[in-house]
Protein chains: 2
Amino acid sequence: MPIQNESIKIPEPALRRLPWYLSYVKLLKSQGEVIVSSTQIAKKIDVSASQIAKDLSYVDINGKTRVGYDIDELISVLETFLGFKKSHKAVLFGVGSLGAALLSDSGLEQYGLKIIAGFDVNPAIVNQQVHHIPVFHTDEFFERNEKIQAEIGILTVPPGYAQEVSDYMIRGGIKGIWNFTPFRIRVPEGVVLQNTSLYAHLAVMFNRLGS
Amino acid sequence: MPIQNESIKIPEPALRRLPWYLSYVKLLKSQGEVIVSSTQIAKKIDVSASQIAKDLSYVDINGKTRVGYDIDELISVLETFLGFKKSHKAVLFGVGSLGAALLSDSGLEQYGLKIIAGFDVNPAIVNQQVHHIPVFHTDEFFERNEKIQAEIGILTVPPGYAQEVSDYMIRGGIKGIWNFTPFRIRVPEGVVLQNTSLYAHLAVMFNRLGS
């Protein structure tokens with residue numbers, strides 16, 4: 001029973017699994033395969049075939065019973081569905097070590113994220129470029145973003161400023177915040193928040209290694 | 001009922017919440033506070049006071065009833081518990097755009113992760129340095145890691161090589177893999193795996209923004 005009505009919201013866990021299927025199917029393509037079944041994907045990834053079929057039912061693709069999905073079509077449909085084929089404008093606040101590292105990661109652009117500008121208060125960085133991306137003073141954000149029209153804001157400021165800068169970004173037009181700080185920020189309803197907790201992952205790693 | 005037996009394994013969700021408490025409490029300290037209660041933390045973070053008290057019961061700290069935790073002690077105990085005060089040796093495989101970005105993020109070291117070397121097969125990078133970290137040929141890993149003795153391997157190779165390189169790292173002595181690729185790798189029992197799915201976070205962001 002494929003659900004192809006775009007108004008049906010795909011649950012976040014399903015959405016998070018789709019990139020796994022995409023990368024596995026791309027690997028199959030590079031190995032010369034043309035058709036893949038959900039059973040075949042399930043064998044390589046710790047997700048059941050029925051779950052995979054259900055997850056893919058949110059995406060506009062039709063598998064053929066007992067045959068599978070056309071790999072080229074599946075890749076194209078998944079990339080479109082996940083937004084990786086579009087270019088989404090973003091700005092980044094806090095051009096410190098992690099912020100500068102993200103500005104220099106051109107891989108993000110291949111997945112649809114185009115960082116247009118960085119913002120910081122450090123005079124040593126303001127009005128410089130990092131990996132060809134201009135860095136402006138934080139105070140200029142409202143004015144700059146009228147032109148840039150970025151909806152996504154990447155947050156890499158020191159944790160103590162995370163909430164304040166997040167509020168500021170939202171006042172300047174940001175609709176989605178990608179928080180890399182270990183600070184648990186709050187956003188108003190309607191604003192999308194994604195937390196990438198590098199340090200929480202490290203903490204789990206260290207703890208489980210018993211080190 | 002504080003659980004202070006180190007043999008009791010803290011559940012992963014609790015472990016992941018501890019860094020939030022740590023950064024909030026550090027903020028309070030910077031504002032001159034000296035005592036904090038779980039109720040006070042709960043007000044700022046979307047976690048109930050009883051959950052916070054329970055999470056903190058895994059850590060070797062004693063709050064005083066109706067008073068709270070000593071902030072300096074709480075910071076110190078949390079940092080130690082989370083492993084941020086030690087230096088954990090790591091190697092990184094795949095010095096591409098994201099890999100090089102992580103090598104240049106000195107912030108990781110402040111959280112206890114010391115990247116000793118990068119490994120790659122690209123002749124343009126092998127035997128060079130990135131942010132003062134040497135990059136060696138992947139083939140040299142077994143030999144090099146006898147000296148380095150790294151237990152943590154950061155995986156930033158192209159997704160199609162993720163499984164193969166992960167297996168290789170484990171054969172060379174790696175006990176914990178921090179996977180930044182969108183590929184769903186499998187590891188043998190006993191090996192710790194943490195996935196940081198930048199692209200899954202992006203996909204959720206794009207989808208929820210409806211863009």
(request) Mind putting a number on the dipole of the stretch A:88-201 about its Cα centre? Charges go on the C-beta only, +1 for Lys and Arg and -1 for Asp and Glu, and I need it in Debye to the nearest 20. (result) 200
(message) On the rotation axis linking copies B and A, which residue of B comes nearest by its Cβ, and by how many whole Å?
(response) B:A101, 2
(message) List the trypsin sites (Lys or Arg not before Pro) within the stretch A:28-98 that DSSP assigns to loop and that have no more than 10 neighbouring Cβ atoms inside 10 Å.
(response) A:R66
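Could you compute the longest span of chain B free of GluC sites (Glu not before Pro) located in DSSP loops and having at most 12 other Cβ atoms within 10 Å, not counting the site residues? It would help to have the intermediate numbers written out before the result.
Values: sites that count: B:E6, B:E189.
My reading of the result: B:7-188 is the longest stretch.
Run through the stretch A:106-211 and list the trypsin sites (Lys or Arg not before Pro) located in a DSSP loop whose Cβ has at most 14 other Cβ atoms within 10 Å. All intermediate terms of the calculation are to be shown ahead of the outcome.
Values: sites: A:K114, A:R144, A:K147, A:R171, A:K175, A:R184, A:R186, A:R208; in loops: A:K175, A:R184, A:R186.
Of the trypsin sites (Lys or Arg not before Pro), the ones in loops of the stretch A:106-211 whose Cβ has at most 14 other Cβ atoms within 10 Å are A:R186.
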(request) Could you check which residue among B:A200, B:A101, B:A53 shows the biggest mean-square fluctuation in a GNM of chain B with a 10 Å Cα cutoff? (result) B:A200
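For the protein assembly as shown, what is the percent of antiparallel DSSP beta bridges, rounded to the nearest 5?
Numbers: 10 of 52 bridges.
Approximately 20 percent, going by the DSSP bridge assignments.
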(request) Would you mind getting me the FRET efficiency between B:Q128 and A:K89? Use the beta-carbon distance for r and R0 = 30 Å, nearest 0.05. (result) 0.35
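Under 10 °C and 1.306 mPa s, how fast does the stretch B:5-98 diffuse according to Stokes-Einstein, given a Kirkwood radius computed over C-alpha pairs? Answer in µm²/s, whole number.
Working: Rh = 14.5 Å.
Calculated translational D: 110 µm²/s.
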(request) Provide, as a two-decimal number, the C-alpha radius of gyration of the protein assembly as shown over 2.2 N^0.38 Å, N being how many residues it has. (result) 1.01
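Please report the relative contact order for chain A, taking Cα pairs under 8 Å with a sequence separation of at least 6, and give it as a percent rounded to a whole number. Walk me through the intermediate numbers first.
Working: 309 pairs, mean separation 28.7, N = 211.
After rounding, I find 14 percent.
At a threshold of 8 angstrom on Cα-Cα distance, excluding pairs fewer than six apart, so keeping six or more, what relative contact order does the stretch B:123-194 reach in percent? Intermediate values should be presented prior to the final figure.
Working: 85 pairs, mean separation 18.9, N = 72.
Result for the stretch B:123-194 is 26 percent.
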(message) Quick check on chain B: helices-only [θ] at 222 nm, where DSSP H runs of length 4 and up contribute -39,500 (n - 2.57) each and the sum goes over total residues. Nearest 500, please.
(response) -12000 deg cm²/dmol
(request) Obtain the nm distance between the two label points defined at A:D139 and A:S30 by a simple spin-label model: each point lies 7 Å from its Cα along the Cα-to-C-beta direction. (result) 4.9
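Mind checking the mean number of beta-carbon atoms from other chains within 10 Å of the Cβ atoms in B:104-114? Each step should come with its number before you reach the end.
Numbers: counts 5, 9, 4, 10, 6, 1, 2, 7, 6, 5, 0.
Partner-chain Cβ atoms within 10 Å, mean over residues of B:104-114: 5.
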(request) Collect residues whose amide H, placed 1.01 Å from N in the peptide plane, falls under 5 Å from the amide H of B:V192; neighbours closer than 5 in sequence don't count. (result) B:G176, B:I177
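Roughly how big is the protein assembly as shown's charge dipole about its Cα centre, with Cβ charges of +1 (Lys, Arg) and -1 (Asp, Glu), in debye to the nearest 20? Before the final figure, lay out each step's value.
On the way: 42 positive and 42 negative charges, 169 e Å.
With only Lys, Arg, Asp and Glu charged at Cβ, the dipole is about 820 debye.
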(request) Give, rounded to the nearest 20 debye, the magnitude of the charge dipole that chain A has about its Cα centre when Lys and Arg contribute +1 at Cβ and Asp and Glu contribute -1 at Cβ. (result) 640
(message) Give me a comma-separated list of calculated 3J(HN,Hα) values for the stretch A:117-124, in order, Karplus coefficients 6.51, -1.76, 1.60 applied at θ = phi - 60°, integers in Hz, x for any Gly or Pro.
(response) 7, x, 10, 7, 10, 6, x, 6
(message) Defining the label point at 7 Å along Cα→Cβ, can you sort the distances from A:H137 to the same site in each other copy, shortest first, in nm?
(response) 5.2
(request) Quantify how strongly other chains surround peptide B:190-199 by giving the mean number of their Cβ atoms within 10 Å of each of its Cβ atoms. (result) 6
(request) Name the residue, out of B:P158, B:P134, B:P11, whose mean-square fluctuation peaks in a Gaussian network model built on chain B with Cα pairs under 10 Å. (result) B:P11
(request) Would you give the gap between the C-alpha center of the stretch A:77-100 and the C-alpha center of the stretch A:143-203, rounded to a whole Å? (result) 13
(message) Could you tell me which residue out of B:P188, B:P123, B:F141 lies farthest along the dipole of the stretch B:88-201 toward its positive end? Charges go on the beta carbon: Lys and Arg +1, Asp and Glu -1, centred on the Cα centre.
(response) B:P188
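Within 10 Å of each Cβ in peptide A:15-28, how many partner chain Cβ atoms are there on average? Round it to a whole number, please.
Values: counts 6, 7, 4, 6, 13, 9, 2, 5, 9, 7, 0, 5, 7, 1.
For this peptide, the per-residue mean of nearby foreign Cβ atoms is 6.
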(request) Return the ratio Rg/(2.2 N^0.38 Å) for chain B, where Rg is computed over Cα atoms only. (result) 1.19
(message) How high is the relative contact order of the stretch A:86-150? Use alpha-carbon pairs under 8 Å, at least six apart in sequence, and give a whole percent.
(response) 35
(request) Looking at chain A, send over the antiparallel percent of its DSSP beta bridges, to the nearest 5. (result) 20
(request) Give the value in nm², to one decimal: projected area of the alpha carbon convex hull of the stretch A:88-201, averaged over all directions. (result) 6.7
(message) Taking all protein chains in place and a 1.4 Å probe, what share, in percent, of the accessible surface of the stretch A:82-127 do carbon and sulfur account for?
(response) 54
(message) Give me, ordered by chain and number, the residues 5 or more places off B:H88 or on other chains with an amide H under 5 Å from its own placed amide H.
(response) B:L113, B:K114
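The values are calculated or read from the model by the stated rules, or taken from the named source; none is laboratory data. For clarity, every value in this text was computed on a predicted model and none was experimentally measured. FYI the Cβ positions are ideal-geometry reconstructions off the backbone, even for glycines, and counts take in every protein chain you see. Just so you know, the surface numbers come from the protein's heavy atoms only, side chains and all, with ligands and any DNA or RNA stripped out. Shrake-Rupley method; radii C 1.70, N 1.55, O 1.52, S 1.80 Å.
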